[in-house]
Amino acid sequence: MSISVIIPTLNASALLDPIVGAIREQLTAVREIIVIDSASVDNSADKAVSLGCKVIKINRAEFNHGTTRNIAARAASGDVILFMTQDALPANNKLTRELLVPLQDPQTAASYARQIAAPDAAPVESFSREFNYPNRPILKSLDALNTLGIKTFFFSNVCSAIKREVFIALGGFNAAIMNEDMLFASRLILSGYKVAYCPEAAVIHSHNYSFTKQFKRNFDIGVSLREGCLLKYASPAGEGLKYLREGASRLLNEGKYSSLTYFILDTCFRYAGYSMGVRYDLLPKPLRRWMSIHPFYFR
């Protein structure tokens, strides 16, 4: 199967050399790299061209996590579309090969990579990556709903591979405020397809977000799950409580008491943002815009 890589960019000139270089060095070569740039002011588009990438330019106001990727996908020619973000660096040269392995199964339509925290990641962020991206493969289908609940649909466009034919047939990504990847995975699985998590395919990717940024991100996550009608699969005693218990226990056992305090506060801000997001329709629009990373969504 041939691969088209798609990378949305915004002021990513300094990041493109290592990412494109790592993609070119993969054991399973890619057919093309498509960069869709949101009017960067740091010469990102020209940099991408110089690295041999195909470039699509859009106005920054036109950016949308789902729609922007759909535009690039329509220009792709590969059998498989590999979506990446500008800050996800392949951890090894097996990334493309490992993502393709489960796609040999006709019923498996998508796969996604493990995310490993960068060396400068805070302990809380390192735990978050390990919690969401364990070192064991997972094949998710409708059968998993009874045990995994909403986590059945967990999927990340930080590094994901989707069969292009299926992607086009299902209409691509939603024009969502966030979680376009998870919403698409839910449609795949509810349509009878399978989604594979491939820990042998790994990228280095993490963020040390402030409490305010965590609140805003999780507000947008709540909005997307509400609009995507996925809340019925979420359990009040599900992943959130498991995350809090395991994270607190790990940091306590490691004697990282200051990180434990930070972790508890970080989790509170996440939960508060999410709780407001799932009730966003009760809020006035100016408040929605203030709470969101993407205020333009609530124009």
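The values are calculated or read from the model by the stated rules, or taken from the named source; none is laboratory data. Here the structure is a predicted model, which is why all the values come from computation and not from measurement. Using ideal geometry, Cβ is built from the backbone for each residue, glycine included, and neighbour counts are taken over all protein chains shown.
For the range 201-216, state whether one or more residues are under 19 Å from G240 (Cα atoms), hydrophobic (A, V, I, L, M, F, W, C) and surrounded by 16 or more Cβ atoms within 10 Å (Cβ to Cβ). Yes, the conditions are met somewhere in the range 201-216.
Here is the figure for the range 178-201: residues that are in a helix (DSSP H, G or I) and either outside the structural domain of F83 (by TED's automatic domain parsing) or over 12 Å from the mean Cα position of the chain (by Cα) (or both) total 5. Residues in the range 257-287 that are part of a helix (DSSP H, G or I) and closer than 20 Å to N174 by Cα: Y274, G277, Y280, D281. Hey, does the range 102-122 have a residue that's under 20 Å from H65 (Cβ atoms), in contact with a Lys or Arg (Cβ under 9 Å, 6 or more places away or on another chain), of a type in the set (G, A, S) and modelled with pLDDT of 95 or more? Within the range 102-122, one or more residues are under 20 Å from H65 (Cβ atoms), in contact with a Lys or Arg (Cβ under 9 Å, 6 or more places away or on another chain), of a type in the set (G, A, S) and modelled with pLDDT of 95 or more.
Among the residues of the range 54-110 satisfying the criterion of being among the hydroxyl-bearing types (S, T, Y) and over 20 Å from R187 (Cα atoms), which is nearest to the chain's Cα centre (by Cα)? Going through the qualifying residues, I end up with T85. Checked across the range 271-291, the condition of being crowded, with 16+ Cβ neighbours inside 10 Å, among the charged types (D, E, K, R) and within 22 Å of the chain's Cα centre (by Cα) holds for no residue. Residues of the range 1-22 that are touching a Lys or Arg at 6+ places or on another chain (Cβ under 6 Å) and either in a helix (DSSP H, G or I) or modelled with pLDDT under 95 (or both): S13, L16.
For every residue, the table says whether it meets (1) closer than 17 Å to D87 by Cα; (2) at pLDDT 95 or above; (3) surrounded by 22 or more Cβ atoms within 10 Å (Cβ to Cβ); (4) among the aromatic types (F, W, Y).
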site	(1), (2), (3), (4)
R24	yes, yes, no, no
D46	no, yes, no, no
S50	no, yes, no, no
T67	no, no, no, no
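From the set of residues in the range 202-216 that are more than 24 Å from S111 (Cα to Cα) and not polar (S, T, N, Q), which is farthest from the chain's Cα centre (by Cα)?
F211
Checked against (1) hydroxyl-bearing (S, T, Y); (2) in a helix (DSSP H, G or I); (3) more than 18 Å from the chain's Cα centre (by Cα), S40 meets all criteria but (2). Residue check: S292 meets all listed conditions (1) at pLDDT 95 or above; (2) touching a Pro at 6+ places or on another chain (Cβ under 7 Å) but one, namely (2).
Exactly one residue out of R187, R164, R136 is basic (K, R) and within 15 Å of I116 (Cβ to Cβ), and it is R136.
Could we say that A45 is out of contact with any helix residue (DSSP H, G or I) (no Cβ under 8 Å at 6 or more places or on another chain) and among the aliphatic types (A, V, I, L, M) here? Yes. Go through the range 223-256 and give me each residue that's assigned to a helix (DSSP H, G or I) and more than 15 Å from F127 (Cα to Cα). Answer for the range 223-256, where residues must be assigned to a helix (DSSP H, G or I) and more than 15 Å from F127 (Cα to Cα): V223, S224, L225, R226, E227, L231, K232, Y233.
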